[in-house]
Each structure stands twice: as structure tokens, then as C-alpha cells.
Amino acid sequence: MLNSRETGLRYLQDAALLADLLYDRRLLNQQQVHLFREQVESRLQNLRKAGGGRQQRPGPGNAGRPDLLDALLAFRFETGDKPGELLSEEQVTRAVAEAAGLPFKKLDPLDLDLAVVTKTIPRGFAVKHLILPLAVKNGVLEVAIHDPDHRGVLAEIERAVQMTVRPHLATRSDILRMLQEFFNFQSSISAAEDNLAGPGVDLGNLEQYVKVASSDEAASTDHHITTAVDHLFNYAFEQRASDIHIEPKRECSQVRLRIDGALHTVYQLPKVVHAAVVSRIKSLSRLNIAEKRRPQDGRIKIDRSGQEAEIRVSTIPVAFGEKAVLRILDPEVMFQNLQESGFSPRDYRCYQQMIHAPHGMILITGPTGSGKSTTLYSTLKEIASPEINIVTIEDPVEMVHEEFNQIAVQPQTGVTFASVLRNILRQDPDVIMVGEIRDHETATNAIQAALTGHLVFSTLHTNDAVSSLTRLVDLGIQPFLAVSTLLGIMAQRLVRRICPHCTESYQMPAAELRALGLPVAEEEGDELTLRRGKGCRACRNTGYLGRCGIFEVFTVSEEIRRLIAAQAPEDEIRARARQEGMLTLREDAWSKVKSGITSLDDALRVTT
């Protein structure tokens with residue numbers, strides 16, 4: 001005779017128990033419960049005959065055998081409290097976990113340790129019983145399981161690992177996916193490690209590294225390394241990463257992904273496979289595999305489910321080996337709708353007037369990683385048409401696009417920004433984009449191109465829009481030339497968006513906000529309601545999901561032209577621009593804080 005606790009663990013074996021539970025949780029109505037009870041056995045038999053479940057590739061044992069939950073999902077019931085939304089595996093598993101008194105675990109690969117997942121229990125046992133090791137904390141092994149009635153299996157694991165096992169309930173599809181990804185990646189790395197094992201040179205310091213003459217280039221073509229690198233690329237795309245860092249350390253090779261501006265460590269690979277992984281990446285990007293003592297740059301074009309994406313590869317020798325950084329250039333990110341980039345109505349209107357002018361120069365300013373390239377590419381994409389000739393000069397070409405004529409700077413062959421600009425006018429351009437104005441010659445040629453009837457875009461590294469005028473003068477540009485050509489200057493930064501899944505409101509005194517230098521009006525009251533992210537699985541407990549631009553759009557009006565020509569101080573020009581409606585970066589960030597787009601902390605972080 002089962003007691004109530006034992007009965008509560010058998011939800012996935014008893015259709016009546018499961019139906020009653022979902023009815024109590026208002027996930028199913030009476031009609032759906034009745035239909036489920038009547039037809040569940042026939043649905044389950046049909047699924048087993050067809051050999052299908054929630055996973056595409058059934059594995060051995062329980063992993064490949066459809067169960068009660070598969071049969072339930074096959075009905076495609078709408079949820080009781082949300083018409084139009086189908087009952088999901090996660091909703092059912094959460095309900096079962098709560099009823100069984102077990103914590104539910106939404107699995108995130110960034111939280112898992114490769115060694116714990118793959119080396120705690122054997123792969124066959126894990127797949128057969130759908131058990132995923134999560135972490136070892138204070139002598140307790142935390143695992144994710146699919147079926148709450150797994151007491152015997154958990155006891156076996158406790159005897160094998162000599163630790164207390166603490167179970168969490170997770171969806172079967174998540175457990176299977178993690179087991180497949182982690183064990184496949186680990187098997188590739190382990191096989192490569194076995195192939196590469198043997199006497200070698202310790203790369204523990206820079207002097208020893210420089211002396212390394214032999215490398216395992218042949219291993220870069222090995223299918224184990226190929227599989228591991230392919231997995232790494234797919235994983236980075238799934239996680240919306242903008243960069244992949246592969247860094248040699250004293251005892252291992254560390255892999256980190258930059259997601260929404262922050263780096264996350266995802267793998268610690270055996271040190272012996274590092275050179276082979278980097279060699280494989282260098283081979284794909286057509287770099288010199290044998291050259292390990294000089295920095296190299298290359299690119300890889302990837303077909304991702306029918307969509308093309310590019311990866312820009314940079315390698316450089318560091319203390320413990322050769323580091324590779326891969327910048328992921330996704331067309332969906334690089335070419336955006338300008339109106340959805342974060343512009344205020346006034347800034348969007350002013351920027352549109354600038355970019356549709358027949359001639360003149362427009363400058364985009366900001367530090368590295370502030371989204372300047374995305375803004376420029378999105379702008380060129382918007383104004384591109386068969387009637388105009390767009391020529392870009394870049395170092396390097398970030399994203400190849402067939403509507404632009406793109407020229408890569410190659411200083412070693414004499415192809416520089418300045419030399420190309422001197423000759424580019426013979427190519428009959430309408431719009432010219434110069435990747436960056438770095439010196440007097442480039443600045444002078446860009447100004448001359450704008451003076452002769454071309455629309456010129458370029459970037460500068462300055463803190464705000466108005467200070468770019470001083471930077472141009474420092475580069476040797478006369479104020480009267482800047483007056484004649486400049487249409488406007490835009491400074492920008494990227495702030496992180498508050499995660500919509502865990503956003504919460506809180507109160508903050510207006511006096512504290514004013515003390516931080518924020519433009520809080522008296523009519524806004526003594527306390528303001530702001531928003532922030534609490535942190536959840538969707539945002540990896542960061543409170544942020546995605547990014548948004550903040551802008552300072554400085555248009556050069558007739559009055560500002562007069563001030564520039566008179567060499568007026570920056571503060572005077574800035575004050576006039578603000579009178580004409582310009583929002584500073586801090587003010588635009590504050591408007592996005594009040595709108596609930598970003599948090600106060602992130603707005604202050606990027607505008608301090």
C-alpha cells in the first residue's frame with residue numbers, strides 16, 4: 001500500500017493522478033480531463049508504434065520510450081487559463097514538481113560544468129534513466145531528473161558516488177538535449193586529447209612558447225576537433241553571443257562567450273587540445289596555421305540554417321599560447337531598422353534629415369563596442385538603392401554586403417584610408433563611408449570629398465558629440481572647413497534592456513536621483529517609480545536581455561555654424577545645441593530609465 005507521499009511521486013505513471021493534478025492547477029478543464037482519461041491509452045500505444053516522443057532521436061531505455069507526458073502533449077490541449085496557448089511540457093513538469101515537493105530546474109547550459117555533467121555518472125546510465133548531474137556543493141550532488149519516482153535510481157547513484165543526492169525536476173527534452181550536447185562535445189574533446197597525448201612542450205611561459213617549433217596541425221583536420229568547433233559555433237549562436245574568446249591558461253584552455261556585453265565562462269578544455277582547436281579555426285579562416293608568433297586576422301562565412309553569418313577571427317600570441325577571439329557578425333544584428341534602435345522621436349527625425357542630405361559629412365562617435373558599426377551599416381542599408389553608388393573603406397570589412405562596394409584597408413600594401421580616399425573620387429561615388437578618421441590626411445581627404453558634393457560617413461573616438469569638433473581641430477582641420485561640411489555628429493552608447501520576464505518596480509527618492517546628476521523635474525514628485533530586472537533563467541540571473549542604443553544627436557544649425565567659425569568654447573556650443581533640443585547621452589539614458597527600457601544602474605554605467 002503506497003502512502004500519500006509515494007502516491008504523489010507517481011504522477012507520470014498514473015493518468016488519473018496526472019489529470020486531477022492539472023485540473024487542480026487550472027491547466028486543463030473538465031472536458032479536456034475527460035477526453036484525456038478516455039483516450040490516453042490509445043494515444044500512448046500509437047506513439048509507441050510510431051516510435052516518437054518529445055525528442056527527435058530516441059535513445060536507449062526510458063529516454064526513447066514515449067510516456068504519459070508524451071501522450072498528454074499529443075492531445076495539443078489549450079491551457080485552461082490561457083486560451084490559444086498550448087499546454088507545454090514545462091508547465092506540466094512544474095506542476096508535477098510542486099505536487100511532488102521537488103524543486104523545478106530550468107536548465108541553462110551556462111550554469112553547467114562540463115566535467116560534472118560528463119564524469120559523475122556513466123553516459124549510458126544517465127541517458128537510460130534521464131538523469132543530468134548539475135553540480136557538487138558541500139558534498140551534495142545535485143541532479144536533474146524527469147520522473148519524480150526515481151528513488152531506487154537515486155539510491156544507486158548515492159552508493160556509487162558516496163555523496164548525498166539532491167534531485168531537481170526538469171523537462172525530459174531539456175535533460176536529453178543537455179546530455180546529448182555535453183557528452184558529444186566531451187567525447188570529441190576526449191578523443192582529440194587522446195590523439196594529442198604524448199610528450200610535448202610546456203607552454204607555461206612566453207619564452208618556452210616562442211621556442212615551440214612543432215604543432216599538431218594535422219590534428220586540426222581531425223573529425224573530433226571539427227565536431228567540437230562546430231558545436232562551439234552552434235552553441236554561441238544559440239546563446240546570442242557576440243564574441244567567442246578561446247584563451248590558453250597555465251593548466252587549461254578557457255572558452256568564454258560575450259552575451260549582452262558581459263563575458264561568461266562556458267568551458268574549461270584540456271590544455272593539450274587548445275592548439276588543435278585554434279588551428280582548426282585558423283584553417284577555416286584561411287590564416288597561416290604555422291605562424292604562431294604574430295597576430296593574424298581572418299574571417300569565416302557560416303551557413304546557419306539557410307542564413308548566412310560571418311565570424312571575424314583574430315589571433316594573437318599571449319603568455320601561455322595563442323589566443324583567438326571570434327567576433328560573430330550576424331546580419332540580423334548588423335542591419336537593423338533605425339527606428340527600432342532606440343532613437344527618440346526628435347533624434348530620429350534629425351538623423352533622418354542628415355542621412356538624406358545630398359552632400360556633407362556625418363560623424364558617429366563613441367568608444368569601441370558602442371554600436372557604431374551597426375548604426376553605420378543600418379544607415380547605409382536604409383539609403384541604398386540602385387540609383388546611388390555606395391563605397392566603404394574599412395579596416396577590416398566587418399560585414400560583406402552586395403549593395404555596397406567595400407574596400408579593405410591593407411597598410412602593408414599601401415592601401416590606407418587616406419590613399420583610398422585620394423583615389424576614390426574617380427570611382428564616381430555618391431556615398432562614402434570611411435571606417436575611422438585617425439589622422440590629418442584622412443580627415444582632410446574626407447572633408448574634401450564632402451566639399452565636392454558627396455555624402456560622407458565616418459567615425460571618431462570621442463566621449464560626446466560636441467567634443468568631436470575639438471578632435472577635428474586637433475587633427476589639423478580648420479574651423480571654416482568643418483563649418484562648410486558638417487551636417488551633424490552623433491554620439492552613442494549601448495545599454496542593456498531590462499529582462500521582460502523578471503521586471504519589477506521600485507521607488508527611488510527624487511533627491512537621490514538629482515544628486516546623481518539626473519535631470520529630474522520638480523513636477524515629477526518626491527519619489528519616482530523605476531524598473532529593474534530581478535534575474536531569472538531567461539536572462540541568466542543578470543536582469544537584462546538584449547541591448548538598446550542611447551544617442552546624442554548634434555545637428556549643425558546656422559547659429560552653431562557661426563559659433564564654430566568664431567571658435568567658440570565647447571561649453572557655449574553645447575549650451576546652444578541643448579537650447580535647440582539636443583538631448584545629452586545622460587538625458588537620453590534617463591528617458592529610457594523612466595520608460596522602463598533600461599535600469600538606473602546601467603544608464604549610469606555607460607554615461608559616467
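Here, each number is a calculation from the coordinates, and none is a lab measurement. All values reported here derive from a predicted model rather than from experimental measurement. When we count neighbours, we look across all protein chains shown, and the Cβ atoms used for this are built from the backbone with ideal geometry, even at glycine.
In terms of packing, defined here as the mean over residues of other Cβ atoms within 10 angstrom, the peptides 19-26, 358-365 line up highest first as 358-365, 19-26. Give, as a single signed number, the net charge of other residues whose beta carbon lies under 14 Å from the beta carbon of Arg547, with Lys and Arg counted +1 and Asp and Glu -1. Overall, the nearby charge balance is +2. The range 260-287 and the range 530-608 have Cα centres spaced 36 Å apart. Cross-link partners of Lys292 among aspartates and glutamates, defined as those whose alpha carbon lies under 17 angstrom from its own and excluding same-chain residues fewer than eight positions apart: Asp202, Glu207, Asp216, Glu217, Glu247, Glu322. Neighbour counts of C-beta atoms inside 10 Å place Thr392, Thr164 in the sequence Thr164, Thr392, starting with the fewest. Straight-line cross-link reach from Lys128 at under 20 Å between alpha-carbon atoms covers these aspartates and glutamates, not counting any fewer than eight positions away in the same chain: Asp67, Asp70, Glu89, Glu142, Asp147, Asp149, Glu156, Glu158, Asp174, Glu181. The relative contact order of the chain comes to 8 percent, based on Cα pairs under 8 Å that sit 6 or more residues apart.
Highest mean packing first, where packing is the average number of other Cβ atoms within 10 Å per residue, the peptides 307-316, 495-504 line up as 495-504, 307-316.
What is the distance in Å between the Cα centroid of the range 500-524 and that of the range 290-342? Their Cα centres are 38 Å away from one another. If you take the Cα centroid of the range 221-250 and the Cα centroid of the range 366-435, the two points sit 30 Å apart.
Which angle between 0 and 90 degrees, to the nearest 10, do you get for helix 440-451 versus the longest principal axis of the chain when only C-alpha atoms count? The angle comes out near 80 degrees. Please compute the net charge surrounding Ala510, taking Lys and Arg as +1 and Asp and Glu as -1 over other residues with Cβ under 9 Å from its Cβ. Neighbour charge sum, excluding Ala510 itself: -4. What the Cα convex hull of the chain gives, in volume per residue, is 214 Å³.
Highest mean packing comes first when the peptides 483-493, 241-251, 115-125 are listed by Cβ atoms within 10 Å, giving 483-493, 241-251, 115-125.
By the rule of a second cysteine Cβ within less than 4.7 angstrom, the chain holds isolated cysteines at Cys252, Cys350, Cys548. When the listed pairs Lys301/Lys381; Lys249/Lys381; Lys137/Lys534; Lys282/Lys534; Lys105/Lys271 are checked against a 30 Å cut-off, the alpha-carbon distance exceeds it for Lys249/Lys381; Lys282/Lys534; Lys105/Lys271.
Angle between the Cα long axis of helix 89-100 and the longest principal axis of the chain, 0 to 90 degrees, nearest 10? That works out to roughly 50 degrees.
Can you classify the range 109-178 as rounded, prolate or oblate using the Cα gyration tensor, where a ≥ b ≥ c are the square roots of its eigenvalues, rounded means a/c under 1.5, and otherwise it's prolate if a/b beats b/c and oblate if not? Note, shape of the range 109-178 comes out rounded.
Projecting label points 7 angstrom from Cα along Cα→Cβ for Ala510 and Asp14 puts them 6.1 nm apart.
Restricting attention to the chain, close to 65% of DSSP beta bridges with both partner residues there are antiparallel.
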